[in-house]
Amino acid sequence: MTAYVDSSFFVSLYTVDAHSAAARQLMSQKPSVWINPLHTAEFFHAITRQVFLGKISPAESVSVYQDLEHDYAAGIWQRISLPEHAFELCAELARRHGASLGMRTLDSLHVACALELKAERFWTFDQRQAKLAKAEGLKTT
């Protein structure tokens, strides 16, 4: 099974938050999961924000980064580039659904990537993003 996950899903796997248990449970299905430069950029921003807010220490953030690199090396994540037409589809999703769903650019960009990759599943804990994914026919759980 292929799963496209949003960046917050990765954060929930590598830190402890309200969605960590659900993220780990979904990963127990052993999906093939892509990770692209958008994920990486958002992940690092989210982790450094947690340091800024005092939720984790700088040393803990280094450990999180090392854990991610270890999992890359172990083949848990498949590194990919952004799909070629992701931005065009992102704009089209905004045109079709923005007025009714109120999603943000990054929400629609993640959904566009999933659609371009023909993902079998789309996992997110963001309700607007999940509504967009469902509206486009993606299975969210």
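Hey, could you check the stretch 1-31 for residues that are surrounded by 14 or more Cβ atoms within 10 Å (Cβ to Cβ) and polar (S, T, N, Q) and say which is farthest from Leu138 (Cα to Cα)?
Thr15
Name the residue that is nearest to the chain's Cα centre (by Cα), counting only residues in the stretch 55-71 that are part of a helix (DSSP H, G or I) and in contact (Cβ under 8 Å) with a residue 12 or more places away in the chain.
The first filter runs over the stretch 55-71 and keeps only residues part of a helix (DSSP H, G or I), leaving 58-71.
Filter once more, keeping what is in contact (Cβ under 8 Å) with a residue 12 or more places away in the chain: 61, 64-65, 67-68.
Values: Ser61: 19, Val64: 16, Tyr65: 16, Asp67: 17, Leu68: 14 Å.
For the stretch 55-71, the residue satisfying everything is Leu68.
Return the only residue of Leu109, Leu101, Leu115 being touching a residue at least 40 places away in the same chain (Cβ under 8 Å) and over 19 Å from Ser12 (Cα atoms).
Sole residue among the options that is touching a residue at least 40 places away in the same chain (Cβ under 8 Å) and over 19 Å from Ser12 (Cα atoms): Leu109.
In the list Thr124, Thr48, Thr105, which residue meets the criterion of being closer than 13 Å to Val5 by Cβ and among the hydroxyl-bearing types (Ser, Thr, Tyr)?
Thr124
Inspect the stretch 105-115 for any residue being more than 16 Å from Ala135 (Cα to Cα), of a type in the set (D, E, K, R), part of a helix (DSSP H, G or I) and in contact with a helix residue (DSSP H, G or I) (Cβ under 7 Å, 6 or more places away or on another chain) and give the result as yes or no.
no
Can you tell me which residue is farthest from the chain's Cα centre (by Cα) among those in the stretch 3-22 that are part of a helix (DSSP H, G or I) and touching a residue at least 24 places away in the same chain (Cβ under 8 Å)?
Ala22
So, of the residues in the stretch 24-54 that are in contact (Cβ under 8 Å) with a residue 40 or more places away in the chain and not polar (S, T, N, Q), which turns out to be farthest from Phe87 (Cα to Cα)?
In this case the residue turns out to be Leu26.
Take the residues of the stretch 67-83 that are within 16 Å of Asp6 (Cβ to Cβ) and in contact with a strand residue (DSSP E or B) (Cβ under 7 Å, 6 or more places away or on another chain): which is surrounded by the most Cβ atoms within 10 Å (Cβ to Cβ)?
Applying the filter and picking the extreme gives Trp77.
Do we have Leu93 as in a helix (DSSP H, G or I) and hydrophobic (A, V, I, L, M, F, W, C) here?
yes
Taken together, the values in this text are just the output of simple stated rules run on the coordinates, not laboratory data. These numbers were taken from a predicted model, which means no experiment stands behind them. So basically every Cβ, Gly included, is an ideal-geometry build from the backbone, and we count neighbours across all protein chains shown.
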